[in-house]
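S.K.: What follows is a structure written as structure tokens; I'll ask about it next.
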Amino acid sequence: MKDFVYGILAVWAVMACVCLAAPKPAIVPGPGEWTVDVTFEHPQQIALQVSFDAKPRRFWYTIITVTNKSNRDFDFYPKCDLMTNTFQIIPAGKDASAAVFEQIKRRHQSRYPFLEPLERAGNKILQGEDNTKDIAIIWADFDAQAKNIKVFITGLSNETVAIDHPIEKDESGKPVKVYLRKTLELSYTLRGDTSLRSDVNLSYESKCWVMR
């Protein structure tokens, strides 16, 4: 048990070093760099009974709207992770069946008639508001003990940077390079009795762009 605790502390120490060393996204994009225009809904819950003899499963989801306001088309490969303050990281789409997306789409049909799931959002985003994409991002329910969560969405920009890893070295003894991407970070606090999941609400704290 002691080794496990020390291992967790070591991992978080490395992460802290990387975060402290990480640069911030550029205020003015460099040549060839782009970032799509993005708006978002705050995450909300949905429950779905996947079989007749099982209890309903709970999921969380958000809907983002992205628009390429530049004068050219971009490659587009969005990804998203949800991270809790209890060290749990949940990739979007994990354990979420197509039926979950279909229920979300029905719920928001009037506002988002062309809603797409994250994993089928395509690999291109064409220029112009006529090609705006509405994308559903879904996670399985997370740790009931969590008090805070962060949502990290990458693929909305092609801005990247390389920094030295604080510990790992290559064969020549030089620090291994860590490649970071411009990422949208959304922060929330959980309100209500976390043991009664249906009563839990998220309180929006902040939005920022980070290199992650």
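S.K.: Looking at R72, is it of a type outside the set (A, V, I, L, M, F, W, C), touching a residue at least 24 places away in the same chain (Cβ under 8 Å) and surrounded by 15 or more Cβ atoms within 10 Å (Cβ to Cβ)? Lay out the reasoning, then the answer.
M.R.: Details: of a type outside the set (A, V, I, L, M, F, W, C): yes; touching a residue at least 24 places away in the same chain (Cβ under 8 Å): yes; surrounded by 15 or more Cβ atoms within 10 Å (Cβ to Cβ): no.
Considered against the rule, which asks whether it is of a type outside the set (A, V, I, L, M, F, W, C), touching a residue at least 24 places away in the same chain (Cβ under 8 Å) and surrounded by 15 or more Cβ atoms within 10 Å (Cβ to Cβ), R72 comes out as no.
S.K.: Do any residues in region 88-111 that are exposed (fewer than 12 other Cβ atoms within 10 Å of the Cβ) have Cβ atoms under 8 Å from those of residues that are of a type in the set (V, I, T), where the two are at least six apart or on different chains, and which pairs are they?
M.R.: Close Cβ pairs (under 8 Å, with a partner that is of a type in the set (V, I, T)) amount to A99/V50.
S.K.: A further question follows. If I go through region 87-121 residue by residue, how many of them are over 16 Å from the mean Cα position of the chain (by Cα), part of a loop (DSSP other than H, G, I, E, B), polar (S, T, N, Q) and modelled with pLDDT of 95 or more?
M.R.: Residues flagged as over 16 Å from the mean Cα position of the chain (by Cα), part of a loop (DSSP other than H, G, I, E, B), polar (S, T, N, Q) and modelled with pLDDT of 95 or more within region 87-121 amount to 2.
S.K.: With in a loop (DSSP other than H, G, I, E, B), of a type in the set (F, W, Y) and buried (at least 16 other Cβ atoms within 10 Å of the Cβ) as the only criterion, which of F152, F142 stands out? Explain how you work it out, then say what you get.
M.R.: Numbers: F152 fails: in a loop (DSSP other than H, G, I, E, B).
F142 is the lone residue from the list that is in a loop (DSSP other than H, G, I, E, B), of a type in the set (F, W, Y) and buried (at least 16 other Cβ atoms within 10 Å of the Cβ).
S.K.: Moving on. Search region 114-139 for residues being touching a strand residue (DSSP E or B) at 6+ places or on another chain (Cβ under 6 Å), more than 28 Å from R191 (Cα to Cα) and charged (D, E, K, R), and hand back the single one that is surrounded by the fewest Cβ atoms within 10 Å (Cβ to Cβ).
M.R.: Looking at residues that are touching a strand residue (DSSP E or B) at 6+ places or on another chain (Cβ under 6 Å), more than 28 Å from R191 (Cα to Cα) and charged (D, E, K, R), I get E129.
The values are calculated or read from the model by the stated rules, or taken from the named source; none is laboratory data. Everything numeric in this text was worked out from a predicted model, so none of it was measured. Because the Cβ atoms are built from the backbone with ideal geometry, glycine has one as well, and the counts that use them run over all protein chains shown.
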